[in-house]
1. So if I average 1/r over every pair of distinct C-alpha atoms in region 1-102 and take the inverse, what Kirkwood radius in Å does that give?
2. Report in % the part of the accessible area of the chain that belongs to carbon and sulfur, leaving out ligands and nucleic acids; probe 1.4 Å.
3. Tell me, what is the per residue accessible area of the chain in Å², probe radius 1.4 Å?
4. For residue 15 and residue 96 in the same chain, what is the full-extension length gain: residue separation times 0.36 nm, less their Cα-Cα distance, in nm?
5. Quick check on region 45-106: what does the Kirkwood estimate of hydrodynamic radius come out to from the alpha carbon pairs, in Å?
6. Tell me, what HN-Hα J-couplings in whole Hz come from the Karplus equation 6.51 cos²θ - 1.76 cosθ + 1.60 at θ = phi - 60° for each residue of region 40-50, using x for Gly and Pro?
7. How big is the charge dipole of the chain about its Cα centre, in debye rounded to the nearest 20, if each Lys and Arg gets +1 on its Cβ and each Asp and Glu gets -1 on its Cβ?
Amino acid sequence: MVRSLWGRPFYFAETLEQMYLIGIGSLYLVVLTGLFSGQGFALAFANELADFGAKNYLGRIMSLSIVRELGPSLTGLMIAARVASGITAEIGAMKSSNQIDAMLSF
């Protein structure tokens, strides 16, 4: 497989198409997930920081926790879930139209 990455034929157009579908296609889901998780964290942190009189630091804490720690994890999970569900749907469609059986009998 590694050797075939550098051999012919090269599939630049298909590679760019998949990069677009995975990256840009998942942007809405990733932004929505980050927005809702950020709102939940901000509410929880605001209640706790109010007890100590440190509500002024909420923005700094949120930017550190969401952007550095939780953002990459949630982004990876959402992209992996979206891509895996798309592959599963494609395999299911192939199974229902007997394409998999045709490949196995060959």
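1. On the way: mean 1/r = 0.0580 Å⁻¹.
Here the Kirkwood hydrodynamic radius works out to 17.2 Å.
2. Working: 5960 of 8720 Å².
For the chain, the apolar C and S fraction of the accessible surface comes to 68 percent.
3. Values: 8720 Å² over 106 residues.
Averaged over the residues of the chain, the accessible area is 82 Å².
4. Working: separation 81, 0.36 × 81 = 29.16 nm, distance 2.73 nm.
Full extension of this stretch gives 26.4 nm more.
5. Working: mean 1/r = 0.0647 Å⁻¹.
For region 45-106, the Kirkwood estimate is 15.5 Å.
6. Going residue by residue, I get x, 5, 5, 5, 5, 5, 5, 5, 6, 6, 5 Hz, with x marking Gly and Pro.
7. Numbers: 7 positive and 7 negative charges, 45 e Å.
I would put it at about 220 debye.
The values are calculated or read from the model by the stated rules, or taken from the named source; none is laboratory data. Every value quoted in this text rests on a predicted model; they were computed, and no experiment measured them. Glycine gets a Cβ as well: all are built from the backbone with ideal geometry, and neighbour counts include every protein chain shown. We work out accessible area using only protein heavy atoms, side chains counted, and drop any ligands, DNA or RNA first. Shrake-Rupley method; radii C 1.70, N 1.55, O 1.52, S 1.80 Å.
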